[in-house]
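Below is the structure I would like to discuss, written out as structure tokens.
The values are calculated or read from the model by the stated rules, or taken from the named source; none is laboratory data. Bear in mind the structure is a predicted one, so any value in this text is a computation, not a measurement. Heads up, the Cβs are rebuilt from the backbone with ideal geometry, glycines too, and the neighbour counts pull from every protein chain shown.
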Amino acid sequence: MKEELLKLYQDRQINFKNVVGTFPGDDLAGPFLMSPDQHYRKQKKPLLIVGQETNGWTYHIDEIQKQMDTYEEFEVGKGFDSTTFWNVTRKVENALGNEPHSCAWTNLSKFDLYGGKSYGKYEKVISSVDKILVDEIKIINPKVCLFFTGPDFDLRLKKVFEGVKFEPIGNWNVKQFCRLIHPELPEYSFRSYHPKSLRLRRLENDLLDYLAKMEIN
């Protein structure tokens, strides 16, 4: 799995460099490259969390393996479990019956801009490498895929997964929580708000309850 990801990223290295090279005077941290360990593969319901973008990252764009090492050293948020994003992620793992710190994690946006979200001309260029997510999912083959991207990233999701359907779930508003239907996504794929927004809107427990009760074949 790691070898496949390494080759994927090496093949796309020129694309990553083109993104950074377009804005030589700006702070674009990344690319964000995943490297899940065997703990992920041992779970009965391997979980992939897809976020928006990092809040600062490393810059080893010339050393793909070193950039993947950053991911491994971060250990999917170990030591950051008190933050909302990772606190909710740990609860999602538990709701699915998985061990803590066993998920895989990636972001739709492979670069952050000055430690935050890109916009305008930056977003346009950064989003040019969004489709690598399709290959990442194919390689790590998750059973459950949860997009914490919120509705603001739906247009980018539609470009990555052309023809994707946002299927309503129960009484949920589609903006809050929905199922994603697409042949290049796992059967159990969902999109919801970023965990901070989930918590602020008091939807966190409802989402966790749904996931805990979900029957997965």
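If you go through segment 25-53 one residue at a time, how many are at pLDDT below 95 and either within 24 Å of Gly115 (Cβ to Cβ) or touching a His at 6+ places or on another chain (Cβ under 9 Å) (or both)?
The qualifying residues number 2.
Checking the structure you have, find out if any residue of segment 117-129 is surrounded by fewer than 16 Cβ atoms within 10 Å (Cβ to Cβ), under 20 Å from Asp26 (Cα atoms), at pLDDT 95 or above and touching a Phe, Trp or Tyr at 6+ places or on another chain (Cβ under 9 Å).
Checking segment 117-129: at least one residue is surrounded by fewer than 16 Cβ atoms within 10 Å (Cβ to Cβ), under 20 Å from Asp26 (Cα atoms), at pLDDT 95 or above and touching a Phe, Trp or Tyr at 6+ places or on another chain (Cβ under 9 Å).
Being out of contact with any Gly (no Cβ under 7 Å at 6 or more places or on another chain), in a loop (DSSP other than H, G, I, E, B), touching a residue at least 60 places away in the same chain (Cβ under 8 Å) and of a type in the set (Asp, Glu): is that true of Glu4 here?
No; evaluated as a whole, the condition is false for this residue.
Turning to a different aspect of this structure: For Glu93, are the conditions met, namely being within 22 Å of Ser189 (Cβ to Cβ), over 14 Å from the mean Cα position of the chain (by Cα), of a type in the set (Asp, Glu) and not in a helix (DSSP H, G or I)?
Against the criterion (within 22 Å of Ser189 (Cβ to Cβ), over 14 Å from the mean Cα position of the chain (by Cα), of a type in the set (Asp, Glu) and not in a helix (DSSP H, G or I)), Glu93 does not qualify.
Select from segment 103-155 the residues that are assigned to a strand (DSSP E or B) and over 26 Å from Leu203 (Cβ atoms) and list them in ascending order.
Leu113
Follow-up. Tell me whether segment 97-111 contains one or more residues that are surrounded by fewer than 16 Cβ atoms within 10 Å (Cβ to Cβ), within 22 Å of Phe147 (Cα to Cα), touching a residue at least 60 places away in the same chain (Cβ under 8 Å) and not aliphatic (A, V, I, L, M).
yes
This table checks each residue for (1) in contact (Cβ under 8 Å) with a residue 24 or more places away in the chain; (2) surrounded by 18 or more Cβ atoms within 10 Å (Cβ to Cβ); (3) farther than 22 Å from Glu53 by Cα.
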site	(1), (2), (3)
Val144	yes, yes, no
Phe147	yes, yes, no
Lys158	no, no, no
Val164	no, yes, no
Glu184	yes, no, no
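Same structure again: Any idea which of (1) farther than 25 Å from Phe85 by Cα; (2) assigned to a helix (DSSP H, G or I); (3) of a type outside the set (D, E, K, R) is the one His39 doesn't satisfy?
Result: His39 fails condition (1) only.
Sort out which residues of segment 73-90 are modelled with pLDDT of 95 or more and over 15 Å from the mean Cα position of the chain (by Cα), and write them in order of number.
If the condition is that a residue be modelled with pLDDT of 95 or more and over 15 Å from the mean Cα position of the chain (by Cα), then Glu73, Thr83, Thr84, Asn87 are the ones that fit.
Which of the residues belonging to segment 11-20 are surrounded by 12 or more Cβ atoms within 10 Å (Cβ to Cβ) and more than 19 Å from the chain's Cα centre (by Cα)?
Across segment 11-20, the qualifying residues are Asp11, Gln13, Asn15, Lys17, Asn18, Val19, Val20.
Restricting to segment 16-31, name every residue that is farther than 14 Å from Leu133 by Cα and either assigned to a helix (DSSP H, G or I) or touching a Pro at 6+ places or on another chain (Cβ under 6 Å) (or both).
If the condition is that a residue be farther than 14 Å from Leu133 by Cα and either assigned to a helix (DSSP H, G or I) or touching a Pro at 6+ places or on another chain (Cβ under 6 Å) (or both), then Lys17, Asn18, Val19, Val20, Gly21, Thr22 are the ones that fit.
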